[in-house]
Amino acid sequence: MQYIDWLEPVVEIASGAGTKILDIYNSDFEVQHKADESPLTAADLAAHTYIEAGLNALTPDIPVLSEESATIPWEERNSWDPYWLVDPLDGTKEFVKRNGEFTVNIALIHQHRPVLGVVHVPVTDVTYFGGLNAGAHIIENGSRAPISVRDAPSTPIVVGSRSHRAELLDAYLARLGEHEMTPMGSSLKLCLVASGHADLYPRLGPTSEWDTAAAHAVVAAAGGKVVDLEGKNVLYNAKENILNPHFFVIGDSSVDWLQYLTSRD
């Protein structure tokens, strides 16, 4: 597989989708709601259409699973390998709040693992990207630079959801002890760990596979891990349900971050 060769084109696709999103972000947009009451805007749909067309042109033989095309049945997608996993607008709640903390997420999944990922932040025009054997990088202010996780300091920085805060997380943080907490929306939480600006992201609440796959690839390329509560790598398209297990995004693997869990159910 020559998937590394697709990194640059996918960076361009994500950036183009970001432009489509900003066109609507800067307008008087309307908000609809899906069956699960999660918000949906024209920006989600515009980005989905743009990304799907771009990926189909780049790799016509590789299927695409997007949050906005999630009705594809398990009987069809369980044989996909590789496939693209996309969240056209991750952080729609942040989009609606207009706080800028939303992203475009595009990942390539091979053998249940994210081997390439691009996370684009439309408002700041920052892009995180990485892949297996390609390292992890950031494009910021028109320049690109490598990124990596860091050794954990004595007072770790923990990043958590701005829109979802669970009692399980509060209990974990109490057992963890002294730390700094940084709230953040969307897949930017994982990117903070990948870039060495945070040490840990415990997610003890529901997420879907398209929420995490792209940033997971960046974290892995930067030297970090995304593991479930048993310490096993989080996998993709390995079951009919597209929900992730509870997981930890870890920068410094020499620290046993899971020891502060009282239960790993």
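The values are calculated or read from the model by the stated rules, or taken from the named source; none is laboratory data. Predicted model only: the values in this text are computed from it and were never measured. Here the Cβ is made from the backbone with ideal geometry for all residues, glycine too, and neighbour counts use every protein chain on show.
The residue that is modelled with the lowest pLDDT, among those in segment 67-89 that are of a type in the set (Asp, Glu) and in contact with a Leu (Cβ under 9 Å, 6 or more places away or on another chain), is GLU68.
Residue count for segment 228-260, restricted to those that are of a type in the set (A, V, I, L, M) and buried (at least 18 other Cβ atoms within 10 Å of the Cβ): 4.
I need a count of the residues in segment 212-227 that are in contact (Cβ under 8 Å) with a residue 40 or more places away in the chain and surrounded by fewer than 24 Cβ atoms within 10 Å (Cβ to Cβ). Qualifying residue count for the region: 2. State which residue is surrounded by the fewest Cβ atoms within 10 Å (Cβ to Cβ) when the search covers only segment 166-200 and only residues that are assigned to a loop (DSSP other than H, G, I, E, B) and of a type in the set (A, V, I, L, M). The extreme case among them is ALA166. With the condition kept exactly as written, say whether any residue in segment 201-219 is within 18 Å of the chain's Cα centre (by Cα), among the aliphatic types (A, V, I, L, M) and part of a strand (DSSP E or B). Among the residues of segment 201-219, not one is within 18 Å of the chain's Cα centre (by Cα), among the aliphatic types (A, V, I, L, M) and part of a strand (DSSP E or B), which makes the answer no.
Rundown of residues vs (1) of a type in the set (Val, Ile, Thr); (2) under 19 Å from ASN241 (Cβ atoms), yes/no style:
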| position | (1), (2) |
| --- | --- |
| SER66 | no, yes |
| ALA70 | no, yes |
| ASN78 | no, yes |
| PRO82 | no, no |
| LEU89 | no, no |
| GLU94 | no, no |
| ILE106 | yes, no |
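Being farther than 27 Å from LEU108 by Cβ and at pLDDT 95 or above holds for only one residue in LEU229, LEU258, and it is LEU258.
Among residues belonging to segment 220-247 that are of a type in the set (A, V, I, L, M, F, W, C) and over 13 Å from the mean Cα position of the chain (by Cα), point out the one that is nearest to GLY196 (Cα to Cα). For segment 220-247, the residue satisfying everything is ALA222.
Set side by side, the residues ALA107, ALA42 differ, and just one is within 27 Å of VAL234 (Cα to Cα), in contact with a helix residue (DSSP H, G or I) (Cβ under 7 Å, 6 or more places away or on another chain) and of a type in the set (A, V, I, L, M, F, W, C), which is ALA107.
Only a single criterion out of (1) modelled with pLDDT under 95; (2) polar (S, T, N, Q); (3) crowded, with 24+ Cβ neighbours inside 10 Å is not satisfied by THR207, namely (3).
Taken together, the criteria exclude ASP125 from residues that are in contact (Cβ under 8 Å) with a residue 40 or more places away in the chain and over 19 Å from the mean Cα position of the chain (by Cα).
Does segment 239-256 contain any residue that is closer than 18 Å to GLU101 by Cβ, hydrophobic (A, V, I, L, M, F, W, C) and in contact with a Lys or Arg (Cβ under 9 Å, 6 or more places away or on another chain)? Checking segment 239-256: at least one residue is closer than 18 Å to GLU101 by Cβ, hydrophobic (A, V, I, L, M, F, W, C) and in contact with a Lys or Arg (Cβ under 9 Å, 6 or more places away or on another chain).
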